[in-house]
Amino acid sequence: MKTKFPTFRQLLHGAVFMGVVLPLVATANIPAQYTYTSLDVPGAVGTYAMGISGNNVVGYYSDGSSWHGFLYDGSSYTTLDVPGSGFTFAFGISGNNIVGGYGGGGFLHHGSSYTTLNVPGATVVQEADGISGNNIVGSYFDGSSYHGYFYNGSSFTPLNVPGGSYYTYAKGISGNNIVGYYEDPHSSFLHDYQGFLYNGSSYTTLDAPGASTTQAFGIYGNNIVGAYFDSTYHGFLYNGASYIALDVPGALSTSATGIYGNNIVGYYSGGGAIHGFLAIPVPEPSFLALLAVGVTAFLARRRRCHP
């Protein structure tokens, strides 16, 4: 006799039949757990994963003498080097477009060619950090302070957190929302950074509870990732209501730098080196327990209906 397995809808109906819907709702805000996979460019002495789009991850690595960008497609690494530059950093990706920085400024990589991005009024230090569709964000130095910028493909718009911030860094973009961090000029601590979310008209400060420093690096929809410092650096996921700490098991420090869907990339220190990581959420135990109850209820009901 062929065994007929219950469908997901039948399992859920079984759970409802047993009166366990309320526990599912009550546990919906429990922080998800992640499985962490290390990302190490072969031969590198340090690997930093910075951005993710679909199955593709970008970042940069050191070979001991210079810095190179990389693209990882889930199985192999491709080195990214701006022609003629002594170093290349890849920071963000959207589809087939990659942005970053090199010795001459920022760049946009189209899959086969590099386009230079030079912010008007910028000195040597400038970079492109995040991309969403055709829109790019980054940071530049004008000789006295750092500013973020928004580039729509034709013009650059400076981004400066109000209040006399010494430095504003724009790091990630999703739709009309931009995240980054700025330095508080009123703080007595050096490099006391605070994260920000900019929606095109106003800035909202992002501060992880208990942190002395908060930096936002990536955004996807309503979810923001970054890093905060208390006694060490921790990655975080902010869903608009709460901060969820992200710590690679056994790591000395963790930074989350990019997000796509529910998958997160970043880097951590451990074993005397820096390693990139890919974090993928696993089903919550409460949800698995709900399905188990659904299976039991479904089978019990079938036995009653089909003696």
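The values are calculated or read from the model by the stated rules, or taken from the named source; none is laboratory data. Quick caveat: nothing in here was measured; it's all calculated off a predicted structure. Every residue, glycine among them, receives a Cβ derived from its backbone with ideal geometry; neighbour counts consider all protein chains shown.
Numbers at a glance
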quantity	calculated
Residue list for the stretch 122-136, filter: out of contact with any Lys or Arg (no Cβ under 7 Å at 6 or more places or on another chain) and part of a strand (DSSP E or B)	126, 127, 128, 131, 132, 135, 136
Restricting the stretch 122-150 to residues that are aromatic (Phe, Trp, Tyr) and surrounded by fewer than 22 Cβ atoms within 10 Å (Cβ to Cβ), the residue that is nearest to the chain's Cα centre (by Cα)	150
Boolean, residue 193 is surrounded by 15 or more Cβ atoms within 10 Å (Cβ to Cβ) and either touching a Pro at 6+ places or on another chain (Cβ under 7 Å) or at pLDDT 95 or above (or both)	no
Exclusive hit being within 16 Å of residue 206 (Cβ to Cβ), at pLDDT below 95 and either in the same structural domain as residue 192 (by TED's automatic domain parsing) or in a helix (DSSP H, G or I) (or both), set 297, 289, 256, 241	241
Scope the stretch 105-121; condition buried (at least 20 other Cβ atoms within 10 Å of the Cβ) and small (Gly, Ala, Ser); matching residues	105, 106
One residue from 145, 139 being in contact with a strand residue (DSSP E or B) (Cβ under 8 Å, 6 or more places away or on another chain), more than 25 Å from residue 96 (Cα to Cα) and not β-branched (Val, Ile, Thr)	145
Which listed residue is in the same structural domain as residue 258 (by TED's automatic domain parsing) and farther than 26 Å from residue 177 by Cβ, from 66, 94, 132, 139	66
Residues (in a strand (DSSP E or B) and within 18 Å of residue 200 (Cα to Cα)) located in the stretch 143-167	147, 148, 149, 150, 151, 156, 157, 158, 159
Matching strands (runs of 3 or more DSSP E) fully within the stretch 22-110 where at least 2 residues are modelled with pLDDT of 95 or more and within 19 Å of the chain's Cα centre (by Cα)	33-39, 46-53, 56-62, 67-72, 88-94, 97-102
Test: residue 35 is exposed (fewer than 14 other Cβ atoms within 10 Å of the Cβ), in contact with a strand residue (DSSP E or B) (Cβ under 7 Å, 6 or more places away or on another chain) and closer than 22 Å to residue 281 by Cα	yes
